[in-house]
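The values are calculated or read from the model by the stated rules, or taken from the named source; none is laboratory data. These numbers were taken from a predicted model, which means no experiment stands behind them. For neighbour counting, all protein chains shown are included, and Cβ atoms are generated from backbone atoms with ideal geometry for every residue, glycine included. Remember, those area values only see protein heavy atoms, side chains included, never the ligands or the DNA or RNA. Shrake-Rupley method; radii C 1.70, N 1.55, O 1.52, S 1.80 Å.
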Amino acid sequence: MDLDAFRQMVAKYPNGFLGRYGLGNRLLQVGGNLEEAAEHLGVAVKLDPLHVASHLALARAWVGLGKRRE
């Protein structure tokens, strides 16, 4: 999916895990805004704390931002 499709999903379902994870992960893949990626991935982790890939993607965003921990 492209960024616009994920953005539409998040707009329609702001508390939906799949849209938040998908948008954050896609932003990482295309070299997008890391702050935005971290925001969406942080929400995804809160919505589904057992989804390991969300934690990994969030950590990658934090590393890119020079953060160690939040």
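Across the chain, the relative contact order, built from alpha-carbon pairs under 8 Å that are at least six residues apart, equals 26 percent.
Per DSSP H run of n ≥ 4, the term is -39500 (n - 2.57); total these for the chain, divide by its residue number, and report the mean residue ellipticity at 222 nm rounded to 500 deg cm²/dmol.
Details: 4 runs with 51 residues, N = 70.
Calculated mean residue ellipticity at 222 nm is -23000 deg cm²/dmol.
Under a Cβ-only charge scheme (Lys and Arg +1, Asp and Glu -1), can you give me the dipole magnitude of the chain about the Cα centre, in debye to the nearest 20?
Working: 9 positive and 7 negative charges, 38 e Å.
About 180 debye.
Computed with a 1.4 Å probe over protein heavy atoms only, the accessible surface of the chain comes to 64 Å² per residue. The share of accessible area on the chain that comes from carbon and sulfur is 55 percent, using a 1.4 angstrom probe.
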